[in-house]
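Structure first, commentary second.
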């Protein structure tokens, strides 16, 4: 079986030539939840945007391949690429309030994508959305479909967007820090929901997060990123049992744990950062920017 | 036990509810804090935890008297400051300092770091020897002296938060309110800032109210914890007791909902009984 998503050797640069993705490779099997974890500037959101074809215009991909269920995205015409990405992927964004149009009711916003991009009839789209709202445990769909985004709580808005993401049966969902803005008890409910829907629909998820706690609970595999480079890739269980890269170990020691307050929250050692800088520098030296 | 720095009794705060404001006329008041009783022991770090809308930030702002209570009393060093007018509060301000969540918006973009740290010193008549005082403040938070002439946009998030701490501590206050000061930072930077605050609080004998939504951070830093929900105190106790034997179901839920960075296959399937997100 071919991978759901196969990224090989992906490099991207800013206008000034600075590399923001450094030969990133990762392959997601169908139904796999892959965590992309790293600190700000690590490039984790950038990878998600590259997959969805929504990189900002200041970022240019200069090398590498992305295949979605075997189809080489780089070989497709822009229009065909957008159609393919639109049909097979979806996004669960970090901040549902900015992802929703404040001046339209929830209902039409949710059905729009099904009708306009996938060409479904209004009735079919409406039935599907109601079914998904039920799956995300929204018990009064009539009311919710008629509300405006600001009338819902953060947790409810995120449920709505999860329902919308799963509605068109995408093969791959990019979840970009979907619980970062939520309270901890709501975060847990949302993680449970994403996990349950993911298992039921067999959807692969690229789960972008900065929180190793969330990584441990939701993913099967994990790629640890630093400065746009994958510094470690492992099965999640193996990563937590025996992290190999010094940076992964440092991140784990810095993450607070209430069960062990004095062993956690350790500042990252200078030698680890120096080692990372050297690793990045030597990778950049070995890399020759392709022309064209 | 020594006299507490803060002693709060029956504290109520009501603020205008702008969502119910009529087109013309005043917004009706909504009660944000619904009668709180607690003490902050001198020289201790107290965590104030709760979900969004629980009133934890309102409580913090009331302690430093940015807000005036609508009922109850707030005593600072035994003195009733509940309804003190601004003029009478002014001499107290240097003892009541704040560190803010987002140093990007709380540091003036047009002033140098030195001038930002010096501002509270000048205002409190400590304008002599400014250079030396600023240098001392920078050194205290582990920033190189060369940062004095820089601007906020030249600094990383962690460095900016160090400036926020330097400014708050420049006047050697008795009380510092730290409101979600690490929630915008990466974990590695977060650890540095917390270690710094922990060290300075101990060295300077500060009393700190540390507002956070993150119980893991609170366990490390605080001697006691106040758990808030919907404007009331759910539970207040010594930190170890709170984690080892939480008395309230809500506290247990809050603790159980934290995803620890370790493999626990059953965690995701354990339902949380916390408040429904509607």
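FYI, it's all coordinate maths here, none of it is from the lab. Because the structure is a prediction, the values reported are computed rather than measured. With ideal geometry, Cβ positions are generated from the backbone for all residues, glycine too; neighbour counts draw on all protein chains shown.
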Quiz prompt | Kirkwood hydrodynamic radius (C-alpha pairs) into Stokes-Einstein, chain A, 37 °C and 0.692 mPa s, D in µm²/s | solution = 163 µm²/s
Quiz prompt | Shielding of A:248-256 by partner chains, average beta-carbon count, 10 Å | solution = 5
Quiz prompt | residue B:223 versus residue B:123: modelled label distance in nm, points set 7 Å from Cα along the beta carbon direction | solution = 2.9 nm
Exercise. With all distinct Cα pairs included, what does the Kirkwood hydrodynamic radius of region B:65-121 come out to in Å, to one decimal, could you say?
Key: 13.7 Å
Exercise. State, as an integer percentage, the relative contact order of chain A based on alpha-carbon contacts under 8 Å between residues 6 or more apart.
Key: 25 percent
Quiz item: How high is the relative contact order of chain B, given as a whole-number percent (alpha carbon pairs under 8 Å, six or more residues apart)?
Solution: 23 percent
Practice problem: Give me the distance in nm between label points sitting 7 Å out from Cα along the Cα-to-Cβ direction at residue B:104 and residue A:69, one decimal. | Solution: 3.8 nm
Quiz item: To one decimal place, what Kirkwood hydrodynamic radius in Å is obtained for region B:1-70 from all pairs of distinct Cα atoms?
Solution: 13.6 Å
Practice problem: Calculate, axis by axis, the spread of Cα positions in region A:104-150 along the three principal axes, and write the results as whole Å, longest axis first. | Solution: 27, 22, 14
Exercise. Whole Å is fine, so just give me how far the alpha carbon centre of region B:2-43 lies from that of region A:65-135.
Key: 45 Å
Self-check item: Rg/Rg_globular for region B:104-204, with Rg_globular taken as 2.2 N^0.38 Å and Rg from C-alpha atoms
Solution: 1.01
Practice problem: Can you tell me what the convex hull of the Cα atoms of the protein assembly as shown projects to on average, as an area in nm²? | Solution: 29.1 nm²
Quiz prompt | Cα-based helix-to-principal-axis angle, A:106-116 vs chain A, degrees rounded to 10 | solution = 80 degrees
Practice problem: Could you check which residue among A:25, A:58, A:153 shows the biggest mean-square fluctuation in a GNM of chain A with a 10 Å Cα cutoff? | Solution: A:58
Quiz item: P(r) of region A:10-164 in 10 Å steps, Cα pairs, percent per bin?
Solution: 9, 32, 32, 22, 5, 0
Quiz item: What share of the DSSP beta bridges in the protein assembly as shown is antiparallel, in percent to the nearest 5?
Solution: 55 percent
Quiz item: Just the Cα atoms of region A:70-121: what Rg and Dmax do they give in Å?
Solution: 13.6, 39
Self-check item: Cα-only radius of gyration and Dmax that characterise region B:13-162, units Å
Solution: 18.8, 53
Exercise. State the Cα centre-to-centre distance between region B:170-239 and region A:229-286 in whole Å.
Key: 26 Å
Quiz item: Mind checking which of B:246, B:109, B:22 has the largest fluctuation in a GNM of chain B, springs on alpha carbons under 10 Å?
Solution: B:22
Self-check item: Cα gyration tensor category, rounded, prolate or oblate, for region A:109-183 with a/c compared to 1.5
Solution: oblate
Quiz prompt | For region A:128-228, alpha-carbon Rg and Dmax in angstrom | solution = 14.0, 46
Practice problem: Report, please, the projected area of region B:155-278 averaged over directions, based on the convex hull of its C-alpha atoms, in nm². | Solution: 9.5 nm²
Quiz item: Plugging the Kirkwood radius over Cα pairs into Stokes-Einstein for region A:1-100, at a temperature of 25 °C and a viscosity of 0.890 mPa s, what D comes out in µm²/s?
Solution: 170 µm²/s
Quiz item: Anyone know which of B:101, B:145, B:190 comes out most mobile in the 10 Å Cα GNM of chain B?
Solution: B:145
Quiz item: Hull surface divided by four, with the convex hull built on the Cα atoms of region A:195-263: how many nm²?
Solution: 5.4 nm²
Quiz item: Which value does Rg/Rh take for region A:152-292 over its C-alpha atoms, Rh per Kirkwood?
Solution: 1.03
Exercise. Jot down the per residue volume, in cubic angstrom and as a whole number, of the convex hull over the alpha-carbon atoms of chain B.
Key: 164 Å³
Quiz item: Tell me, how many Å apart are the Cα centres for region B:61-119 and for region B:131-157?
Solution: 22 Å
